[in-house]
Amino acid sequence: MHFSQALVAFFAAAACASPVKSRDDDACKNNFGPFGIMALRSASPIHFAQGSAARNSLFLNLPEQNATCTDGPAPSGAIFTLIDGNLYLYAEPEPYQQIFVDRSGMGQGIVGYTTGDQPLPRNAEREGWELDANNNLSFKGTGLLACPNSIDGAWRIWLSVGIGKPAGQEGCLGFSPRAIELTEPQSCEYTYMQ
Ligand SMILES: *[C@@H]1O[C@H](CO)[C@@H](O)[C@H](O)[C@H]1NC(C)=O
Ligand SMILES: *[C@@H]1O[C@H](CO)[C@@H](O)[C@H](O)[C@H]1NC(C)=O
């Protein structure tokens, strides 16, 4: 790596999640939770919408997740936990459903999750999630968007990789995913396909 490239990489990383521990790291977190996600996008149908997980994907405004939870009523939104920059669906004693993204030209920013030892799709990445000082979630500095008309009228969540219409979908909107810490999280298994 050339010195200039190293410098660019350093400053890119310094905004958040610097590998070198410093006082500034207090502003950024790659460990947090358990938490729910609330979408912020003023004057839109997804403002204050809850993040949900079902069928290997993440959604906003999904009426029912149909998750299987260990006790008590199933939560209406998904519960996440962030461990060393890896984002999981929360479960006790250990999470085993993990979020991935695919930023490649093929993936177009697809966001999904694997269950257990399900293989990762080619080009998929898992590590690089972080929360800023306002608990705004991003992946390697990239935010999220949601596209309407998905299952049960929900909006499907994608990573905003600079394609306005991932997979040709119309009407997508960027939003800020705000992590809301939960004190009594439910351990759940979210639905998935093999
Ligand atoms: C949840 O179950 C209901 C009733 O079977 C079904 O209509 C709905 O599509 C399911 N939702 C998901 C996200 O699978
Ligand atoms: C959240 O983070 C994304 C990605 O860095 C950014 O585009 C968005 O403006 C941020 N939102 C807020 C409210 O800070």
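Quick notes on this structure:
Condition check ((1) farther than 23 Å from ALA133 by Cα; (2) over 14 Å from the mean Cα position of the chain (by Cα)) across all residues:
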position	(1), (2)
CYS28	no, yes
ARG55	yes, yes
THR70	yes, yes
GLU92	yes, yes
TYR96	yes, yes
VAL101	no, no
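Let's see how each residue does on (1) under 18 Å from MET38 (Cβ atoms); (2) crowded, with 19+ Cβ neighbours inside 10 Å:
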{"position": "GLN108", "(1), (2)": "no, no"}
{"position": "ASP132", "(1), (2)": "yes, no"}
{"position": "LEU137", "(1), (2)": "yes, yes"}
{"position": "ARG156", "(1), (2)": "yes, yes"}
{"position": "GLY162", "(1), (2)": "no, no"}
{"position": "PRO166", "(1), (2)": "no, yes"}
{"position": "GLY171", "(1), (2)": "no, no"}
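- Exactly one residue out of ALA49, ALA43 is touching a Leu at 6+ places or on another chain (Cβ under 6 Å), hydrophobic (A, V, I, L, M, F, W, C) and over 21 Å from ASP117 (Cα atoms): that is ALA49.
- Options SER150, SER176: the member that is touching a Lys or Arg at 6+ places or on another chain (Cβ under 6 Å), under 26 Å from PRO45 (Cα atoms), of a type in the set (S, T, N, Q) and surrounded by 15 or more Cβ atoms within 10 Å (Cβ to Cβ): SER150
- Selection count, region 131-188, where residues are away from ligand 1 (no atom under 16 Å from the Cβ) and assigned to a loop (DSSP other than H, G, I, E, B): 23
- One residue alone among GLY112, GLY168, GLY174 is within 16 Å of ligand 2 (Cβ to nearest atom) and either at pLDDT below 95 or not hydrophobic (A, V, I, L, M, F, W, C) (or both), and that residue is GLY174.
- Enumeration of residues in region 52-81 that are of a type in the set (Val, Ile, Thr) and surrounded by fewer than 22 Cβ atoms within 10 Å (Cβ to Cβ): THR68, THR70, THR81
- Inter-residue pairs, beta-carbon under 8 Å, first closer than 18 Å to GLY51 by Cα and in region 150-178, second within 16 Å of ligand 1 (Cβ to nearest atom) and basic (Lys, Arg), 6+ apart: SER150/ARG156; ILE151/ARG55
- Single match in THR191, THR183, THR114 (criterion: over 16 Å from the mean Cα position of the chain (by Cα), hydroxyl-bearing (Ser, Thr, Tyr) and under 22 Å from ASN31 (Cα atoms)): THR183
- Taking first residues from region 55-70 that are at pLDDT below 95 and partners that are within 16 Å of ligand 2 (Cβ to nearest atom) and charged (D, E, K, R), no Cβ contact under 6 Å between residues at least 6 apart in sequence or on separate chains turns up.
- Counted residues, region 38-54 - those being within 16 Å of ligand 2 (Cβ to nearest atom), touching a residue at least 40 places away in the same chain (Cβ under 8 Å) and hydroxyl-bearing (Ser, Thr, Tyr): 1
- Residue check, ALA146 touching a residue at least 60 places away in the same chain (Cβ under 8 Å) and within 14 Å of GLY51 (Cα to Cα): yes
- Screening ALA49 against (1) surrounded by 17 or more Cβ atoms within 10 Å (Cβ to Cβ); (2) at pLDDT below 95; (3) aliphatic (A, V, I, L, M); (4) within 16 Å of ligand 1 (Cβ to nearest atom) leaves a single unmet condition, (2).
- Residue check for PHE100: out of contact with any His (no Cβ under 9 Å at 6 or more places or on another chain) and in contact (Cβ under 8 Å) with a residue 40 or more places away in the chain: no
The values are calculated or read from the model by the stated rules, or taken from the named source; none is laboratory data. No experiment lies behind these values; they were computed from the predicted model shown. Methodologically, a virtual Cβ is constructed for each residue, glycine included, from the backbone with ideal geometry; neighbour enumeration extends over all protein chains shown.
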